[in-house]
Every structure is written in C-alpha cells, then in structure tokens.
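Each remark here refers to the structure printed beneath this line.
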Amino acid sequence: MNDIYSESPAKPRPQIALENQSYWDGLRRHQLLVQRCLTCAKLRHYPRPMCDACYSFEYDWHALSGSATVHSWTVTHHAFHAGFKQDLPYVTVTADLRDGIRLQAPLAGSDVNLAVGARLDLEFIDVDAELTIISMRIRA
Amino acid sequence: MINLCDKAAVSGVGETAYTRETDRSQLSLTLEAALNAVLDAGLDPKDIDGVIPYASGGVVAEDFITNFGIADLRYSAQTPMGGASAVAALQSATMAVATGVAKHVLITLGRGSISGGRISDQLTRMPQMRLVSEFEMPIGTNAPAQFYAHMARRHMELYGSTSEQFAEVALTCCAHAQLNERAMMRKPMRLADHQNSRMIADPFRLFDCSLEGAGAAAVVISSAERARDLRCAPIYIGGCAEGHPDSPSAITQRRDLTRLGIANAAPIAFAMAGVTHADIDVAEIYDCFTYIVLCQLEDLGFCAKGEGGHFVANGRIRLGGDLPINTHGGLLSEAHIGGMNHIVELVRQLRGECGERQVTNAEVGLVTGFGDLGDGSLAIMHR
Ligand SMILES: [Zn+2]
C-alpha cells in the first residue's frame, strides 16, 4: 500500500505486449529500461519497433539512472477515471531524464518546490504482483 | 505542384440545433445537418458524389449512399485528426474537386448523446492513443484536459502567461455567444466567474474547457466553377493545409511542448492563399481549451512564441478588435461540434449573414483545427 496510488476501484492497466514487455519487466526489478539502437546507439522512448535515426529494427535495453528534472506538470482535481477518484487531487509530472527522453509519473511527497528544472528522484511503486510503476519525488 | 488556391469553394453550410442532451442518434443528427448544407447549396442530395464523414464518429460514407440515394459515390475519405479533422477535410475535399474526382464533396461531423461512455474508455480504443493508453493512462492521465495541461503549464513557466490571459479567450467566446441564438452558453461571464470556476486539471479551470453537447454540422465543397452557378455566393478556399507535430503519438516526448502541428501548416496555407496576417478580417480558432487558442495564435504567426497572452489582451480578439475570433462563441460557448461549427461560422461571416455579430466588411478569414495530441489544420477563405 502507498499513499499516492490507491488500489480500488480498478485503475486502467497497460497492455504489456510485444515491444513493451521488457520495459514493464524492468520496472518489476526496479530498473528503468529504455530502448537503445544497436546500430547507432540512439536511445528512444516510449518503446517502438524501429530507430528514427537509422531505421534499424535491432535494439537492446539500456538502464537509466534514478534522477530527473521537472519539465512540466499538472494537478488533477477532477476524476476522469473512477480509479483515480480517491487520489484527488494528485500531481503528475513530465520529467526529463537524458538524451531528450521523458517520462510521465505521479509525484510522491510534497509539491511545494515544484518548478521547471527542479531535481527529482525516481522511485518504484509495486502496485501488485504483476505491475510496478515509477513515481517521482522532489529532491530535498 | 498543382496550386489549389481558389480551385474550390464552400457552396453550402448547415447544422442542427445544439443541445446539452439528445434522444436522437448521431446518424440522425448528422443527416439533418448534411441535408441542410446540401439544400443551402441549392443541390439535391443525389448530387453529392464525395463524402468525408468525421473519423472519430460512427457515421460512414455508406450511410449517405443509403439515406440520400446516391447512385454513384466517386470519393470517400476520412481525416483522422480528432479536432483537426474537419478543417483537414477541407484540404482533401479541395483536392477531390480541383482534380475532378468529385463534383460536390460533403463533409460532416455529428455528436450524439454524451452519456455513451467514459472519455478515457473511448480514447483507449483509438490507435493514435496507443502510447498514451499504455504509459500514461495507468498513472492517471486519462483525458485531453490532462494531456494539454502539461503543455499549458510549460508555456506559463517559460513565458509567464497567466490564467487571466487564458480567461480572456473564454470571456471573448462567451461575449460573442450572447449575440448568437444558437449558442449554448447564454449567460455572460466575468473574469471572476472564470477565476472562481472549479479547477479541473491545473492550470485548466472549468471555464477553460469547452462545452459538452449534441448536434451536427456539415459543409459542401464544390469546384469554384460549379459553385458560381449554385444558390449562394461561393466562399473560396484560398489556402489550406494540415500539419503534424513531432512525436504525434506522445506529447510527453515532444521536443517543444509549446509548438503545435499547425506551425508547419500555417506558412503553406498563407503562401497558397497569397495573403498576409494583416489581411485576415476574422478568425475562427479551434478552442477545446483556452490555452490552445493562445498557442495557435503564436504558431499561426500572429505573434511571436510566448506572446499569445499579451496578444489577446485589450479587446484585440473581440468583435471590433483587430482580429475578432470565434464570433459564434466557439467550442467554449457555442457548442462542441468538433470545429465544423467554426467552418460554418466563417462561411456565414464571409457571406455577411451574421447579424449582430457580423464583422464589418469581412472579406478574408481563417479557420483552424486542433486535435488528438497536437495535429493541426487551417484554411484561409475569402468571398
Ligand atoms: Zn539507430
């Protein structure tokens, strides 16, 4: 159980198929993995079949470190999905990782120092036996 | 490249009443609007030989063959760009009639009852939302207000734009709606009403968000030559284009969150029409959210990036200002008919049919679409 991601009613789930499988498997092991082109080494996210720089279909998975910065955010006050009603209001950040790669994640802890460029630490929330998601926390 | 300038014209426009709820099907509403547009053009429904129905709706070209008794439909297409679909369809229809593939292309958009399911469930089924559905909906990003809130917040932080500046768009649309008996929002709005409206997805308050409702609108596009022989004065399509942003399937991964696809389309459409920004007498700007209007005004080139908030101040976008926008009230205050109502309004303005809300001597106008995760479209028209 955690304080920012309630368990009922049910939230929407990722499909976890094909290109996405390794990403979600990585989160289960508390690793953030992004695709890396085996031909030109360009990193890409969200997962997809081919590299837009060299059109290679060959890739492996590269682990990114656990720090990021705030690119943007929103605070949701209206439940667009019943699964999130208990969590209102909640903050979702767009976070810069590296090489232009970004993530969207719920913000854990205080939002007092929320600003573009604020340093974030990456955390993992084990939702249940199958699903782990990333959350972010503003670095003290 | 074939120059499409003035090769096509809007020959007819039509709509239904716009209501909060309805007991009629989307198909029934769409057919009513389509019939009105065909009759406005002075055509018989059987004269329609091209159809572009709204891609996010449940109406298809076959429905028009069946209900209009069209014997030989020559052209059907869809432009799946969410709220940019209707204006993008103007480009497709223009190509169809300019090349002679079709004579009269009908473009329709209808919205039935809103009690038909949660928006996030509908979005999940759309292929262009595949990445959002996989990576963002599970963490609570489930609706357009939230998708676009990240863009608006970034703009505010980079350029200092404010909620009060967003409000000016809402107040303008609402003020114009008071002059439009078809508009759903008939109660005047003050700045305090906007600022006190409940927060939906920060920075968007309730009055930053467009209306929900039911209704349909439609237009008929004919070749310029044919349009000159029809019932109404032709409104020529001088320039039209669609534009897509980078990372069109995930706003999160976009290089510049404050730049929309319409930034690519605008120079093409202006050059095709052979007009400058100063020539635009009236603009109907897609307004699913107030911020999206500010951002489009920048991407269209009416002001520099970051200047949208200042641009809309001091009555510039109101009737009587330099660039009156959304003279019907827009999606914010007339009705959310996916922007087809913006095209209808622009045509009526250029025909001089708008009564109390008529822009004086409106000769050249512009209409935009914005949809899905940043797709854009625009058309520049003249009488
Ligand atoms: Zn590559």
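The values are calculated or read from the model by the stated rules, or taken from the named source; none is laboratory data. If you're wondering where the values come from, they're calculated on a predicted model, not measured in any experiment. Here the Cβ is made from the backbone with ideal geometry for all residues, glycine too, and neighbour counts use every protein chain on show. These accessible areas exclude ligands, DNA and RNA; they are computed on the full protein's heavy atoms, side chains included. Shrake-Rupley method; radii C 1.70, N 1.55, O 1.52, S 1.80 Å.
Brief remarks on what is shown
- Think of a 1.4 Å ball rolled over the protein heavy atoms: the stretch A:15-64 then has 54 Å² of accessible area per residue.
- Label sites at B:Lys187 and B:Arg255, each approximated as a point 7 angstrom past Cα along Cα to Cβ, lie 4.6 nm apart.
- Relative contact order of the stretch A:94-140, taken over Cα pairs closer than 8 Å and 6 or more residues apart, is 37 percent.
- Listing of the stretch A:96-114 residues, each with accessible area lower by at least 30 Å² in the full protein assembly than in the chain alone (probe 1.4 Å): A:Arg102, A:Gln104
- Rounded to 10°, Cα long-axis angle of helix B:85-98 versus longest principal axis of chain B: 30 degrees
- Taking 4.7 Å between C-beta atoms as the pairing limit, the protein assembly as shown has these partnerless cysteines: B:Cys5, B:Cys173, B:Cys174, B:Cys209, B:Cys232, B:Cys240, B:Cys288, B:Cys295, B:Cys303, B:Cys354.
- Heavy-atom accessible area per residue - the stretch A:65-140, 1.4 Å, Å²: 40 Å²
- Sites matching GluC sites (Glu not before Pro) across the stretch B:148-186 that sit in DSSP coil, with at most 16 neighbouring C-beta atoms within 10 Å: B:Glu181
- Probe 1.4 Å, all protein chains present, accessible-area order of B:Met1, A:Met50, largest first: B:Met1, A:Met50
- B:Ile268-A:Asp99 pseudo-label distance in nm [points 7 Å out on the Cα-to-Cβ vector]: 3.1 nm
- With DNA, RNA and ligands ignored, accessible area of B:Met95 (1.4 Å probe; Å², nearest 10): 90 Å²
- Across chain B, Cα pairs under 8 Å and at least six residues apart give a relative contact order of 26 percent.
- Comparing mean-square fluctuations of B:Ala313, B:Ala269, B:Ala33 from a GNM of chain B with C-alpha springs under 10 Å, the top value falls on B:Ala313.
- Choice from B:Ala34, B:Ala218, B:Ala71 with maximal GNM fluctuation in chain B (Cα, 10 Å cutoff): B:Ala71
- Here's the picture: a label point sits 7 Å out from the Cα of B:Arg383 along the beta-carbon direction, and within the stretch B:263-289 the residues with their amide nitrogen under 13 Å of it are B:281-282.
- In a DSSP loop and with at most 14 other Cβ atoms within 10 Å, the chymotrypsin sites (Phe, Trp or Tyr not before Pro) in the stretch A:13-56 are A:Tyr55.
- Sites B:Leu39 and B:Leu179, calculated FRET efficiency, Cβ-Cβ separation with R0 41 Å, nearest 0.05: 0.95
- Paramagnetic label zone (point 7 Å from Cα along Cα-to-C-beta, A:His62; backbone N under 11 Å) in the stretch A:14-42: A:34-42
- Over the C-alpha trace of the stretch A:15-64, radius of gyration and Dmax come out as 10.5, 31 angstrom.
- Note on B:Glu307: accessible area is roughly 80 Å² with a 1.4 Å probe, heavy atoms of protein only.
- Of the solvent-accessible surface of chain B, computed with a 1.4 Å probe and all protein chains present, 49% belongs to carbon and sulfur.
- Proportion of all alpha-carbon pairs of the protein assembly as shown beyond 36 Å (%): 33 percent
- DSSP-loop trypsin sites (Lys or Arg not before Pro) across the stretch A:67-124, with at most 15 other Cβ within 10 angstrom: A:Arg98
- Among B:Glu334, B:Glu345, B:Glu21, the largest mean-square fluctuation in a Gaussian network model of chain B (Cα springs under 10 Å) belongs to B:Glu21.
- If you sort B:Phe166, A:Phe57, B:Phe207 by accessible surface, 1.4 Å probe, largest first, the order is A:Phe57, B:Phe207, B:Phe166.
- To the nearest 10, the accessible area of B:Leu27 is 50 Å² with a 1.4 Å probe.
- Solvent-accessible area buried by pairing A with B, both sides, nearest 100 square angstrom, 1.4 angstrom probe: 3100 Å²
- Against chain B, whose longest principal axis comes from its Cα atoms, helix B:290-299 is set at around 70 degrees.
- Inter-probe distance in nm under a simple model that places probes 7 Å from Cα toward Cβ, at B:Asn314 and A:Arg139: 4.4 nm
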